[in-house]
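Rule-based calculations on the coordinates, nothing more; no lab input. Nothing here was measured: the structure is a model prediction, and the numbers come from that model. Methodologically, a virtual Cβ is constructed for each residue, glycine included, from the backbone with ideal geometry; neighbour enumeration extends over all protein chains shown.
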Ligand SMILES: Cc1cc2nc3c(=O)[nH]c(=O)nc-3n(C[C@H](O)[C@H](O)[C@H](O)COP(=O)(O)OP(=O)(O)OC[C@H]3O[C@@H](n4cnc5c(N)ncnc54)[C@H](O)[C@@H]3O)c2cc1C
């Protein structure tokens, strides 16, 4: 393999029901940042999207940072198939020779990227939280990929010196997506593909949509999260949340105890959230929890234990019983609303 033949930053784009997933748009923003960080490489940001996306979606990819959008076009590719996607992307990699290929660490990305990496005989760094070009050599395109290890207690930086593409999956919610810029210039290339010629041993019988009522706490502006300390009294959190239009989240301990659904878990093995306000009630502040919420704009912690680590991350810390303090807050908001 002559790695000098490989170039550009490719980003895999995921979408559902005519909506581009934020996890992929965040990667476009990150790819653009990397490109601008090392202009001497002359790299382009290339978004790769499979299926038959609308023109609006293709344009949005350009407005969000892609220089070029490659659409592997076929109506049937709207539904994900591991084998078909792997085969088509492997062909694309052989033809285009991307130096870097980024995937979101979503359920789909975690299924696809490892299989594709194995198919094209390269390495994969999974679940990364930080990317940068070789800090020692300003001309190098070697990617330094950092990811948490050992339950978030250590961070490891991984490089792939000998194989291409340099592939990585990246945690949703960690990178920033760029605002829409309709003045961006980009090209769209549709490539007709023939998935019907690919042998697929899996047949999708039915796709069951997720409960539409389920909210994505990663997008919430205010989150009130409960930990083991609030026991089974999540109703107290919900009452306050309803009053201020917040969403309720939880620590892994709360999820493990069946107090709240896994969908709402915040932390390293849950969601990464960046709300304007995060209120942590009865949460100790383990590193794995902090990893998912410490970038919140403003953190309020309520905990009985004055030495709880959560106070180290909080802008305001209240030492006391969350089940006494939170109802007082709810009552205060209610009275304020009635007065004004
Ligand atoms: C690989 C790995 C991944 C993990 N991923 C995650 C993750 O994604 N998210 C996550 O949260 N954890 C995760 N964990 C678990 C994490 O290490 C902690 O065990 C967990 O966050 C603890 O949850 P907690 O703070 O609710 O419970 P505890 O640590 O038991 O803390 C309860 C807190 O409540 C306080 N308290 C008790 N009663 C009250 C009261 N009435 N009012 C106020 N305060 C009170 C106590 O002082 C205590 O600080 C992970 C662990 C590992 C090993």
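Working ranking of peptides 252-265, 161-174 by packing, defined as the average number of other Cβ atoms within 10 Å per residue, highest first, is 161-174, 252-265.
Using only the C-alpha atoms, the convex hull of segment 217-339 corresponds to 88 Å³ per residue.
Across segment 49-114, the mean sequence separation of Cα contacts (distance under 8 Å, 6 or more residues apart), normalised by length, yields a relative contact order of 32 percent. Ordering of 182-193, 44-55 by packing is 44-55, 182-193, highest average first (other Cβ atoms within 10 Å, averaged per residue).
Percentage of Cα-Cα pair distances in segment 275-333 greater than 20 Å, rounded to whole percent? Taking all Cα-Cα pairs of segment 275-333, the fraction more than 20 Å apart is 20 percent. For segment 263-282, the residues whose backbone nitrogen is under 16 Å from a point 7 Å from the Cα of residue 238, taken along Cα to Cβ, are 263-265.
Beta bridges from DSSP with both residues in the chain: antiparallel share about 20 percent, rounded to the nearest 5. With the convex hull of the Cα atoms taken as the outline of the chain, the averaged projected area works out to 20.2 nm².
Compared with the direct C-alpha span, the chain from residue 316 to residue 298 gains 5.6 nm at full extension, assuming 0.36 nm per residue.
Using alpha carbon centroids, what distance separates segment 31-95 and segment 128-177, in Å? Here the answer is 20 Å between Cα centres. When the P(r) is computed for segment 25-131, the part past 21 Å accounts for 38% of the Cα-Cα pairs. Note on segment 86-184: percent of Cα-Cα distances in each 5 Å bin, starting at 0 and stopping at the bin with the largest distance, equals 2, 12, 21, 22, 19, 15, 7, 2, 0. Once the Kirkwood radius over Cα pairs is known for segment 3-197, the Stokes-Einstein relation at 25 °C and 0.890 mPa s delivers a diffusion coefficient of 147 µm²/s.
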